[in-house]
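Written out below as structure tokens is the structure these notes cover.
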2 protein chains.
Amino acid sequence: MTMLVTGWVAIDDIETPFGAVTNSLGGSATCAALAGSLFTPVRLVAAVGEDFPDELRAKLVRPGIDISGLVTVAGSKTSRWGARYHYDMNNRDTWYPEMGISVEWKPTLTAEMAASCTTACIAAGHPVDQRNLIQSLVSPRATMVDTIKLFIDEALDDLRETMRHADFVTVNESEAREIAGMPSIARAARFLADSGPKGVIVKLGEYGAAFASKDDYFIAPGYPLENVIDPTGAGDAFAGGFMGYLDTVAEITPAEIRQAIIYGSTTASFAVEGFGPSRLLTLRREEVEARYREFRMLTHFEVRE
Amino acid sequence: MTMLVTGWVAIDDIETPFGAVTNSLGGSATCAALAGSLFTPVRLVAAVGEDFPDELRAKLVRPGIDISGLVTVAGSKTSRWGARYHYDMNNRDTWYPEMGISVEWKPTLTAEMAASCTTACIAAGHPVDQRNLIQSLVSPRATMVDTIKLFIDEALDDLRETMRHADFVTVNESEAREIAGMPSIARAARFLADSGPKGVIVKLGEYGAAFASKDDYFIAPGYPLENVIDPTGAGDAFAGGFMGYLDTVAEITPAEIRQAIIYGSTTASFAVEGFGPSRLLTLRREEVEARYREFRMLTHFEVRE
């Protein structure tokens, strides 16, 4: 069992009503790798520039993550991202992405990596690059792609094609509506699941997540957090936890997919308790398991026969 | 078992992207009474003006609803409400409420009614009137009050006092944040539950509902509706289904409260499938039970020991 994680490793500046961080470790692949490594060995494939600080790299040097695929590209700059969140946390101003190396660089796998990765968690990137990664894997058990509005706006046909090659697709609510062209989340999720991947996860932020496949529909609640510090990376922490758990199961059944969604919701709920991936850096599997059981307590109700 | 339902019986004009109705039966008490009557006998206490059409009154003449408490006030006009919903259904323009008789009229109970009603579902109204109703009940098993932004803005101290007298309070998300003065739904719900009623239900629209009491926290998902026709009255249908079910249970336990929330979510999910209360007028208990079981299918996941 080994999970490939690709996406951005970045330097972030974030401000929320509860504080601010600058020149902080960030990026989609960072959050997904940290979350996934709670469940299964992770191989991180990403690029940074010559300016990527050693102290940020040091945070990724962990027993569960193989960073031999983290490439430093000479003459390039690390991608940077800055955002300010407002009081209700559902709105943010993105100050800038400084695109940097993560945009130009095409992730590729060595033959050894392509043969050994059993699952792949592919964060937002150009859909053609995502598809190439999926196709380069020798015998993947499950693959997942995430996306962002940029690619829906600029590469929708490629994205739709990539969705047909992936097992799972994660989108947020507005993306689901936009790709499907339908106002109902349920209808959009079912439409997307019918038109390509095995399963579509619609991330609903603080309200949880909905999952649709051809045969199943599942709703996971949002964990009732009292102190959300920074929502950055929650979706990536979800993706990493979801695929990381799936990498460990004997068989990928509808019941296991539901459990994976709760594990993803759990890792995401921890992620937002600190700035960027800071909470994920200290998170332990026992904490994940305890909150998983809490999710059950939060949602259980009796059905009379 | 008998449930008192008070609130507005009104005449509505509603426009959504899917159509429009004019001079249609509406009002909070109408929706709550129809939903509640699927579970338990309802006594409706409300006022209309001399202009209230016989054909609207006829819709309320049903085996499960006693409308002897529906008063026609001479020289008065029925309350009217008009709204236009936008494409995403979470936003609406309220054209007008024509306040009418429902605003001035103070609901009172006959001694027989005060003695015989075992539960009370008290829709939005002035908190002092709501409190008077609760206090006039001889031996209520459970009471519930709903509110609207108007009373949070203009009678917050009275509302807080009323919340201490009610067993259950329903609020929507922004109301919960506003009354508690806290941005987190979970924190606001727990704060409100600690400061007065036995339980607080935060209605989350299409995302479902959250319930907080001193000892419990429960999250019910939104039913994944593909065709929402008109959200008007969903909260009232929730309240009616919730209290209507609770009126029938042997003992009001945390487990029964959770079931009541799912029944409330179920009746609300049907309500939005038609304009105003139209779907509730044809709804059968078997349909409610089938969807209740679907809620379980939608949310169930395994927990390994």
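Scan the stretch A:153-201 for residues that are under 19 Å from the mean Cα position of the chain (by Cα), aliphatic (A, V, I, L, M) and within 14 Å of another protein chain (Cβ to nearest Cβ) and jot them down.
The answer is A:176, A:189, A:192, A:193, A:200, A:201.
For the stretch A:127-152, enumerate the residues that are under 21 Å from residue A:180 (Cβ atoms), more than 14 Å from the chain's Cα centre (by Cα) and either modelled with pLDDT under 95 or among the charged types (D, E, K, R) (or both).
Of everything in the stretch A:127-152, those that are under 21 Å from residue A:180 (Cβ atoms), more than 14 Å from the chain's Cα centre (by Cα) and either modelled with pLDDT under 95 or among the charged types (D, E, K, R) (or both) turn out to be A:131, A:149, A:150, A:151, A:152.
Please count how many residues of the stretch B:81-110 are modelled with pLDDT under 85 and farther than 24 Å from residue B:203 by Cβ.
Within the stretch B:81-110, residues that are modelled with pLDDT under 85 and farther than 24 Å from residue B:203 by Cβ number 1.
If I ask for residues that are assigned to a helix (DSSP H, G or I) and either surrounded by fewer than 20 Cβ atoms within 10 Å (Cβ to Cβ) or within 7 Å of another protein chain (Cβ to nearest Cβ) (or both), which ones from the stretch B:293-305 would you list?
B:293, B:294, B:296, B:297, B:298, B:299
For the stretch A:185-204, how many residues are touching an Asp or Glu at 6+ places or on another chain (Cβ under 8 Å) and in contact (Cβ under 8 Å) with a residue 24 or more places away in the chain?
Residues that pass the stated criteria total 9.
Hey, any hits in the stretch A:203-219 for a residue that's within 14 Å of chain B (Cβ to nearest Cβ), of a type in the set (S, T, N, Q) and within 22 Å of residue A:264 (Cα to Cα)?
Scanning the stretch A:203-219, I find at least one residue that is within 14 Å of chain B (Cβ to nearest Cβ), of a type in the set (S, T, N, Q) and within 22 Å of residue A:264 (Cα to Cα), so the answer is yes.
Among the strands (runs of 3 or more DSSP E) confined wholly to the stretch B:1-82, which include 3 or more residues that are surrounded by 23 or more Cβ atoms within 10 Å (Cβ to Cβ)?
B:3-6, B:10-16, B:42-49
Collect the residues in the stretch A:262-273 that are under 16 Å from the mean Cα position of the chain (by Cα) and in a loop (DSSP other than H, G, I, E, B), keeping them in residue-number order.
If the condition is that a residue be under 16 Å from the mean Cα position of the chain (by Cα) and in a loop (DSSP other than H, G, I, E, B), then A:272 is the only one that fits.
Taking the stretch B:91-126, which residues are under 18 Å from the mean Cα position of the chain (by Cα) and either closer than 27 Å to residue B:260 by Cβ or within 14 Å of chain A (Cβ to nearest Cβ) (or both)?
B:102, B:107, B:117, B:118, B:119, B:120, B:121, B:122, B:123, B:124, B:125, B:126
I'm trying to understand the selection: among the residues of the stretch B:220-252, which are over 24 Å from residue B:147 (Cβ atoms) and more than 10 Å from chain A (Cβ to nearest Cβ)?
Scanning the stretch B:220-252 gives B:229, B:248, B:249, B:250, B:251.
So residue B:270 clears everything in (1) free of Cβ contacts under 8 Å to residues at least 60 places away in the same chain; (2) within 13 Å of chain A (Cβ to nearest Cβ); (3) in contact with a helix residue (DSSP H, G or I) (Cβ under 6 Å, 6 or more places away or on another chain); (4) within 30 Å of residue B:12 (Cβ to Cβ) except one condition, right? Which one?
(2)
In the stretch A:133-184, how many residues are of a type outside the set (A, V, I, L, M, F, W, C), out of contact with any Lys or Arg (no Cβ under 8 Å at 6 or more places or on another chain) and in contact (Cβ under 8 Å) with a residue 40 or more places away in the chain?
The qualifying residues number 2.
Of the numbered conditions (1) in contact with a strand residue (DSSP E or B) (Cβ under 6 Å, 6 or more places away or on another chain); (2) charged (D, E, K, R); (3) over 23 Å from residue A:228 (Cβ atoms), residue A:84 fails exactly one; give the number of that condition.
Of (1) in contact with a strand residue (DSSP E or B) (Cβ under 6 Å, 6 or more places away or on another chain); (2) charged (D, E, K, R); (3) over 23 Å from residue A:228 (Cβ atoms), only one is false for residue A:84: (3).
Can you name the number of the only condition in (1) more than 9 Å from chain A (Cβ to nearest Cβ); (2) over 30 Å from residue A:256 (Cβ atoms); (3) more than 18 Å from the chain's Cα centre (by Cα); (4) touching a residue at least 40 places away in the same chain (Cβ under 8 Å) that residue B:287 fails?
Exception for residue B:287: condition (4).
Working carefully through the options B:241, B:205, find the one that is out of contact with any Lys or Arg (no Cβ under 6 Å at 6 or more places or on another chain), small (Gly, Ala, Ser) and crowded, with 24+ Cβ neighbours inside 10 Å.
One residue alone meets the criteria, B:241.
One line per residue, one yes/no per condition, for (1) charged (D, E, K, R); (2) modelled with pLDDT under 95; (3) under 30 Å from residue A:10 (Cβ atoms):
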| site | (1), (2), (3) |
| --- | --- |
| A:197 | no, yes, yes |
| A:201 | no, no, yes |
| A:206 | yes, yes, yes |
| A:219 | no, no, no |
| A:241 | no, no, yes |
| A:249 | no, no, no |
| A:253 | no, no, no |
| A:281 | no, no, yes |
| A:294 | yes, no, no |
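Taking the stretch B:274-292 only, how many residues are assigned to a loop (DSSP other than H, G, I, E, B) and surrounded by fewer than 17 Cβ atoms within 10 Å (Cβ to Cβ)?
Qualifying residue count, the stretch B:274-292: 1.
Assuming residue B:231 fulfils every condition listed in (1) in contact with a Leu (Cβ under 6 Å, 6 or more places away or on another chain); (2) within 19 Å of residue B:28 (Cβ to Cβ) apart from one, which condition is it?
Failed condition: (1).
The values are calculated or read from the model by the stated rules, or taken from the named source; none is laboratory data. From a predicted model like this one, the values you see are computed outputs, not experimental measurements. Counting neighbours? That spans all protein chains shown, and the Cβs are built from the backbone with ideal geometry, glycine included.
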